[in-house]
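Below: the structure, in structure tokens.
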Amino acid sequence: MEAMEYTTTYAAAPAQPLNTQNAQNAQAMQPVVSLENVTKVYGHGDTRVRALKDITLPLYKGQFTSIMGPSGSGKSTMLHIIAGLDTPSKGTVHIDGVDITTLKDKQLTELRRERIGFIFQSFNLVPTLNVLDNILLPTQLSNTKVDREWLNRVVEALGLTPRLKHRPSELSGGQQQRVAVARALVSRPAIIVADEPTGNLDSKTSDEVLSILRQAVDEFGQSVIMVTHNPSVATVSDRVIVVSDGTVKADFMGATPDQIVSLL
Amino acid sequence: MASPINKLFLANVKHHASRYVSTAVAVTIAATFVVLCLTLMGGISSAYMATIDDATRGTSTVIAEQAVNTATNADTDADATAEVSLTDAAAAQQAQTERAQKMAELRAQAASAVKSVPGVSDVVESTAQASVEGETYQYNAPMNVSIGSDGRSSLRALEYLQKAPLTQYQYKEGRAPQAANEIAVDDGVTGSLQVKVGDSVEVSTLGVSTDAKKFTITGIIGVSNFSNGSALATKEGVESVQTSGATNSLLVVPQNTATRSPQASVTSQEELTSKVNDALKSVNASAKAEGVEFKAYPAQRFVESGRQHAQTQVTAMTSMALIFPLIAAFVAAIIVGTTFQVIALQRRRELALLRAVGAQAKQVRALVLRETSIAGTVSALIGTAVGTLAGAWLLTYLNVAANYIAAFSMLPWTGIILTWVGASLITIFVGLAPSREAAKVSPLAALAPVQSVQETRRKHTVRVVLSIILLVASIAGIVYGLRLPAGNASEIYVRFGIVVLATFVCWIAAMMLFTVVLPYIIYFFGSVVRTPVGRLARENVVRNPSRTASTGVAVIIGVVLMSTIAIGVSSVRSTLDSSLNKSRPVDIYAGSYIGTLSKDELAKLHSFEYASKTVDIRGVQAVVNGDTQSPVTVLGYPDLTGVQRSELPVVADGTIHVTKGAIMAQKATVSVCFLDASGQQTTCREYKPVEDSSIRDGSVHLSAADLKAAVPDAGVAFVAMRIKDGTPYDQVFTGLQRVGRNISMNGGYVERSLYMQALNIIVLVFMALLGVSVVISLVGVSNTLGLSVAERTQENGLLRALGLTRGQMKRLLVMESFLTSLVSTLVGIGLGTIFAAIGMYTLPFNDLGVGIEVTLPYDQLAGLVLIIVLASTLAAWLPGRKAAKVSPVEALAHE
């Protein structure tokens, strides 16, 4: 699989705000995650912080969604809630049809295990396990049988076959992120959540990882939700949501980096 | 030191003191243990010294009554099928009373002769016996009085109530006895007899057929649990019980208070003593006729001899007792060392920041060293304080000190201060290496992202090679030593010494090897577990091999010692059991002090509840080979199968079994003329003599059939009994006492029970003492776990995000703790078995007649494993909770 030149492929499409989408397209899109009137508050009294303010937001299946914003905008908080790592103070959140605000910690944990794939900026891999064990970790935790064919396909697609027995300390940053992607894919989750996945990588490796994620959406039909502060990275996405001060400031399907920069 | 370092240090102490909690716990436990041990030994020594001082307090001279003949018929062999005088009891009684009267007269003469010596204030009688052998002077009252109530009885020494300046006992309750039927006892008596002040008890002398006298308890004297048990009564009271005379010595009270013991010196008392000896010369002339001589000694000699003897004993006891706290301290040092290392590693980033910002390496080292030193010094102080308080309480509880104030004055303050200083110095020393490591951190490390601490696999080639060499050499030494001959005493001790030395080196080498090899053993063991949590745990355990190794070795040390003791004791027990079965085949020979057993006594003995079988042995007195001066007891031995635990030589009809080497064995036949109750000869028979090593001097054995033929109406001298296995000795003793007052007891069961009791106590005490080391090791396991949880915050956050439930997280921690502890325990038990076996084959056990048995107390060892497993699960509880609380969101936050 070749790394694709995303900068040329998508820049041509003009930005289309959501509210001008035609009805047909709207019906074709299924929400895989939806936030309804979600508010998240931290602390109390003088140190009270409202990270998210009454947000209603559907996120669609089979799409690559980027969430952007300056630091302190609440984008990370939103991602955490989308990923089931945190619960809102007010409102409801549905992930793959399940209302997570009613779940206890154990059920929430199981949900994460089975329906959500994670890629973080760093600390992605368990240092004591080798690459193969890291990839299989979520399936092993839930004791589900892994589809060997699927596993081999993913591993090959990510170029990890020669590295399966290596430890994370023996891999480069890009290779480690690829392992994280493989892990996210193998369990065939409902959504893949990525928090600044290319933050620590150089531009070439960043491109590689992003094209892999793009491929996951195109070829394997995954839904990817990514938080980033880098506008050029956002052009890989089908939809860009800009968050600022705990509210959604803009919501576009298809955009160029320049357009996004002007939004921020 | 520079003031910013001080500020930083104080800030760290405030915020991060919790890091050092387990260090504090380990040091506190070890220090408390040491101080407690010193305190107990110090208290026992003081109490013992006080008893020695009490014996001769207020006097300057002790007048002993010494036998003039050299031969003393002290046969203290407990197993002797004792020579029983079967002649008229009344005649014996008469002779005794006459002698007592004569002695009283002589004593009165001596007393008045001494009283007239200038400088003598008073001469007082005492029940204590003085014995002088070479340089050893002993002075104590014989414990030959039984105080009983309602079937229970206690053994005590009866003493006269004395006036000042002799020892005045403190009364915990009540008052001193005044009338002849009043007695004061200690709370040991009131406790075991379940009586109180005002109750009446029966007092009698042991081994004589006098009736018991009734006494009323008027008071409880406060004596420590370590003094010889004494009961006080008036002179009339004591004499009513010990009718053959109770006084055994005279004490001289001098007018000059400066020459009174225990303050006076021997030299100051010598002048008066020689004058007293002169005065006694006239009395001694007539005393010689009774076979007695009055000899005076300076009282202080007894005090000094006693103190010296006590001192040696106490020093020996203290050194032995200190071994356990020192082992605990050693284990604590290992734990503390590991902790300091880990903490220094964890703070690498913070320290690197300091270096980046401009602190010198020296300053960083000072910071870390100061923290570790404070942690150590404060913990040592807490431990010493706790130990001191606990020690004072213990001394009061054991009646060694009358109250807390007295207890505090008895405490060995030098020892306590030394412990505090020592413990502090050790922890400071242990902190030196980590602080030096910490100073080496490069400032660049401050900029690196925080990683979980992982060790680079260091090569330990030197250590491995060295330890293998030592191991092989020591094993060779052990084998060589075991092969050495063990003929006489010196050979045995040489062999013992060599094997012990070789074993010690082997132990050191094994520990060195294990610090490298243990993580791999645990890894191998852990491969059995297949669950994802289990595999994570297994990997986690070996991610920091040297940390796992140190904590594991600490557990091994404690477990090896405990299992060596357990296995050793159980092996000694089974070896002794087999040996006793062979040498003392009969459990109990029950006889009577005053002749043959009565019908009533026989009936009770036959139906004795604890006996599984009883056999009568009849006996009479007889004259052998015409020697009318020394009549001999003839016993008719029936077949003892069912009673005997191993083969006894069977007496064939027509033969007579005599002691090995007896003169009568030289003749072709032995003539035995049986005596009747009044001492007249009845029938005479002839038998063929056979030498028999199981027979003691003074008795001969015939077959039961032969005796019956010669003396059909012979009474039953002994009942041989086999006791039901497992019956505690005290039950047997009390039971037999209830059969009759004059019942005597001999036989293997007594010895067996005494040994078993002693062994049980030893094993309990040792296990408790060694258990402290194991507790400290487990604190170390918990600590290591807690610190690694702190290190792995981000990793744990990742695991939680990926779907590890809280329960699984806790199980992960438990599995880690479990793997380390279980494997270490099993290794420890294995080593313990080897060392115990070596020990059994080396200890000077000769003349046992049976082979050495090494037995494993499976129940005790299983119990040990179970407790360790449970404790290690507990040790993972707190770190487990902390780890499970980790929120993935916080843990994975960007820096």
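Things worth noting here:
- Structural descriptor for chain B: relative contact order 16 percent, calculated from alpha carbon pairs under 8 angstrom and at least 6 residues apart.
- Comparing each chain alone with all protein chains together (probe 1.4 Å, DNA, RNA and ligands left out), the residues of the stretch A:106-153 losing at least 40 Å² of accessible area are A:109, A:112, A:113, A:120, A:123, A:126, A:127, A:128, A:137, A:140, A:141.
- For q = 0.07, 0.09, 0.10 Å⁻¹, Debye-computed log10 I/I(0) when each Cα of chain B counts as one equal scatterer: -0.79, -1.10, -1.23
- Neighbouring partner chain Cβ atoms per residue of A:79-90, average, 10 Å criterion: 2
- The calculated FRET efficiency for residue A:204 paired with residue B:867, based on their beta-carbon distance and R0 = 41 Å, is about 0.10.
- Backbone HN-Hα couplings from phi across the stretch B:470-476 [Karplus 6.51/-1.76/1.60, Hz, Gly and Pro as x]: 4, 4, 4, 4, 5, 4, 4
- Ellipsoid fit via the Cα gyration tensor, the stretch B:192-310: semi-axes of 33, 22, 13 Å, each the root of five times an eigenvalue, largest first.
- Against the empirical 2.2 N^0.38 Å (N residues), the stretch B:708-815 has a Cα radius of gyration ratio of 2.39.
- Taking the inverse of the mean reciprocal distance over all distinct Cα pairs, the Kirkwood hydrodynamic radius of chain A comes to 19.0 Å.
- In the context of the full set of protein chains, chain B has a per residue accessible area of 47 Å² (1.4 Å probe).
- Residues in the stretch B:778-817 occluded by at least 10 Å² - accessible area, probe radius 1.4 Å, against chain by itself: B:794, B:795, B:798, B:799, B:800, B:801, B:802, B:803, B:804, B:805, B:806, B:808
- Taking a point 7 Å out from the Cα of residue B:256 in the direction of its Cβ, the residues of the stretch B:34-63 whose backbone N falls within less than 13 Å of it are B:60-61.
- Solvent-accessible area of residue B:882 with every protein chain in place, 1.4 Å probe, in Å² to the nearest 10: 110
- Karplus-derived HN-Hα couplings along the stretch A:68-82 (A = 6.51, B = -1.76, C = 1.60, θ = phi - 60°), whole Hz, x at Gly and Pro: 10, x, x, 5, x, 7, x, 5, 5, 4, 4, 4, 4, 6, 4
- Relative contact order of the stretch B:338-452, pairs being alpha-carbon contacts under 8 Å that are 6 or more residues apart, as %: 51
- For the listed residue pairs B:660/B:688; A:145/B:810; B:14/B:362; A:145/A:165; A:53/B:885; A:53/A:90, the alpha carbons are over 18 angstrom apart in A:145/B:810; B:14/B:362; A:145/A:165; A:53/B:885.
- Here, the stretch B:492-584 has an Rg and a Dmax of 19.5, 61 Å when only alpha carbons are counted.
- Convex hull volume of the C-alpha atoms in the stretch B:290-432, normalised per residue: 159 Å³.
- Long-range tail of P(r) for the stretch A:56-202 (Cα pairs > 22 Å, %): 43
- Potential extension, residue B:136-residue B:603 segment - 0.36 nm per residue separation minus Cα distance: 163.3 nm
- For the stretch B:349-491, the alpha carbon positions stretch 66, 57, 25 Å along the principal axes, listed from largest to smallest.
- For residue B:612 and residue B:271, the difference between the fully extended length at 0.36 nm per residue and the C-alpha to C-alpha distance is 116.3 nm.
- Percent of alpha-carbon pairs separated by more than 17 Å within the stretch B:276-362: 76
- By a 1.4 Å probe calculation restricted to protein chains, residue B:18 has an accessible surface near 90 Å², given to the nearest 10.
- Contact surface A-B: accessible area buried, both sides summed, square angstrom, 1.4 angstrom probe: 2400
- Probe 1.4 Å, protein heavy atoms only - accessible area per residue of chain A in square angstrom: 45
- Computed from label points 7 Å out along Cα-Cβ, the spacing between residue B:313 and residue B:684 is 5.4 nm.
- The simple Förster model, with R0 at 25 Å and r as the Cβ-Cβ distance, assigns residue B:176 and residue B:243 a FRET efficiency of 0.60.
- Solvent-accessible area, 1.4 Å probe, carbon plus sulfur percent, for the stretch A:22-257: 46
- For a paramagnetic label modelled on residue A:150 (point 7 Å from Cα along Cα→Cβ), amide N atoms under 20 Å away belong, within the stretch A:193-233, to A:193-194, A:212-225.
- Backbone N within the stretch B:15-30 under 12 Å of label point (7 Å from residue B:350 Cα along the Cβ vector): B:15-20
- Accessible-area order (highest first, 1.4 angstrom probe) of the listed residues A:166, B:657: A:166, B:657
- Highest mean packing first, where packing is the average number of other Cβ atoms within 10 Å per residue, the peptides B:250-257, A:99-106, B:292-299 line up as B:292-299, B:250-257, A:99-106.
- Across the accessible surface of the stretch B:622-671, with the other protein chains kept in place and a 1.4 Å probe, carbon and sulfur atoms take up 55 percent.
- Base-10 log of normalised Debye intensity for the stretch B:635-695 (one unit scatterer per alpha-carbon) at q = 0.22, 0.27, 0.30 Å⁻¹: -0.97, -1.14, -1.23
- The mean of 1/r over all distinct Cα pairs in the stretch B:583-718, once inverted, gives the Kirkwood hydrodynamic radius of 15.5 Å.
- Computed per residue of chain B from DSSP H runs no shorter than four, each worth -39500 (n - 2.57), the mean residue ellipticity at 222 nm is -19500 deg cm²/dmol.
- Remark: the stretch B:488-542 projects, on average over all directions, an area of 5.1 nm² (convex hull of Cα atoms).
- For the protein assembly as shown, average projected area of the Cα convex hull in nm²: 62.8
- Translational D in µm²/s for the stretch B:756-895 (Stokes-Einstein at 20 °C, 1.002 mPa s, Kirkwood Rh from C-alpha pairs): 119
- Rg of the Cα atoms in the stretch B:775-820, relative to 2.2 N^0.38 Å, amounts to 1.22.
- Amide H within-cut-off set for residue A:67, under 5 Å, with H built and near neighbours excluded: A:226, A:227, A:228, A:241
- Highest-fluctuation residue, A:45, A:246, A:221 considered, GNM on chain A with Cα pairs under 10 Å: A:45
- Sequence-separation-based contact order of chain A, relative, with Cα cut under 8 Å and 6+ spacing, percent: 31
- Overall, the stretch A:143-230 carries a charge dipole of about 400 debye about its Cα centre when +1 sits on the Cβ of Lys and Arg and -1 on the Cβ of Asp and Glu, all other atoms neutral.
- Look at the dipole of chain B built from charges on Cβ: of B:473, B:247, B:875, the Cα furthest out on the positive end belongs to B:875.
- Rounded to the nearest 20 debye, dipole of chain A from Cβ charges on Lys, Arg, Asp, Glu: 620
The values are calculated or read from the model by the stated rules, or taken from the named source; none is laboratory data. Note that the structure is predicted; figures quoted are calculated from it, not measured. Counting neighbours? That spans all protein chains shown, and the Cβs are built from the backbone with ideal geometry, glycine included. The accessibility values were calculated without ligands, DNA or RNA, using every heavy atom of the protein model including side chains. Shrake-Rupley method; radii C 1.70, N 1.55, O 1.52, S 1.80 Å.
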